[in-house]
Amino acid sequence: MHEIVDRVRHITRENERLFQRLIEGERRFRGLAKAVWKVQEDERRRLARELHDGLGQTLTALTNQLERLQQKLGERDDAAELAPRLADSVEMARLALNESRELSRLLRPPVLDDLGLEAALSWLARTLEQRAGLRVELTLSGLAERLDPDLETLVFRLVQEALTNVLRHAGADRAQVAVSRAGGLLELRISDGGRGFDPDATLVGRETATGLGLRGMRDRLELFGGRLEIASAPGRGTLVSAAVPLLEAP
Ligand SMILES: Nc1ncnc2c1ncn2[C@@H]1O[C@H](COP(=O)(O)OP(=O)(O)OP(=O)(O)O)[C@@H](O)[C@H]1O
Ligand SMILES: [Mg+2]
């Protein structure tokens, strides 16, 4: 009898120890995964700046120079022949400049670092409407104060991915985004009235079968102690909702 009690005690202690190791391992894994994600965001920030400052400045100079040539052209005999071509070149240079700026902002909008989530989401909504004709109705509450920068990035990327999905897959011309602060949680909902899909089949399917967007969102949220839910069915629109704690668990 004594022996059995001893053994049970031993096994319980051993279990406890293994459990602690598991928790420790999980914590280290989360830390590592977060670090990888941060490096990725830093790299995006660096690329965005390089694109803006490097390519952007060269294209600005090119545009200016072409415009100066355009002004001087009037004095020459062959102006009539060259003018349309030069006008085309100016137009192309301006286009390339605008595109490089936009790409830079989409990679990592400076407004997210400078002004925070509220301003960055408004910018995203405006850009999607102007660029792609997607009307985004934003309802934001409790975001006046800045949040943890990593959390701001997480939420911005989530909304960006969900809205990109609406554009690419939903066939809808409007979407609703709601972000609110409730108690210790940040809650978000992104919905559309588009063609919908079967989320279970999509998320359970093989890694390579579909894109990484939704899976990536779910995994990243879990790193922050949050959860992702998708409600959708063919023909019935899509609702992506998530909740994430404002303070990280210790
Ligand atoms: N709002 C939506 N409306 C309709 N279908 C959607 C919507 N969001 C996602 N889907 C479906 O779920 C699939 C998986 O989406 P997910 O974002 O994971 O991948 P993706 O957009 O195809 O590729 P990626 O995001 O990696 O570029 C999509 O291919 C699409 O079929
Ligand atoms: Mg996607």
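Quick check on the stretch 48-89: of everything there that is hydrophobic (A, V, I, L, M, F, W, C) and touching a residue at least 40 places away in the same chain (Cβ under 8 Å), which residue is nearest to L107 (Cα to Cα)? For the stretch 48-89, the residue satisfying everything is A48. Could you tell me which numbered condition A144 fails, if it satisfies all but one of (1) aliphatic (A, V, I, L, M); (2) loosely packed, with under 15 Cβ neighbours inside 10 Å; (3) within 16 Å of ligand 2 (Cβ to nearest atom); (4) more than 16 Å from the chain's Cα centre (by Cα)? Failing condition for A144: (3). Residues satisfying the criterion are absent from the stretch 174-185 (criterion: at pLDDT 90 or above, basic (K, R), more than 30 Å from R27 (Cα to Cα) and in a loop (DSSP other than H, G, I, E, B)).
For the stretch 219-238, a residue qualifies if it is surrounded by fewer than 17 Cβ atoms within 10 Å (Cβ to Cβ) and within 16 Å of ligand 2 (Cβ to nearest atom), and exactly one does: D219. Taking the listed residues L82, L22, the one that is under 30 Å from G225 (Cα atoms) and of a type in the set (A, V, I, L, M) is L22, with no other qualifying. Being touching a His at 6+ places or on another chain (Cβ under 9 Å), of a type in the set (S, T, Y) and at pLDDT below 95 is a condition met by at least one residue of the stretch 80-100. From the list L151, L228, the lone residue that is in a helix (DSSP H, G or I) and either under 21 Å from R44 (Cα atoms) or within 15 Å of ligand 1 (Cβ to nearest atom) (or both) is L151.
The values are calculated or read from the model by the stated rules, or taken from the named source; none is laboratory data. Computed from a predicted structure; not experimentally measured. Please note: Cβ atoms are built from the backbone with ideal geometry, for glycine as well, and neighbour counts cover all protein chains shown.
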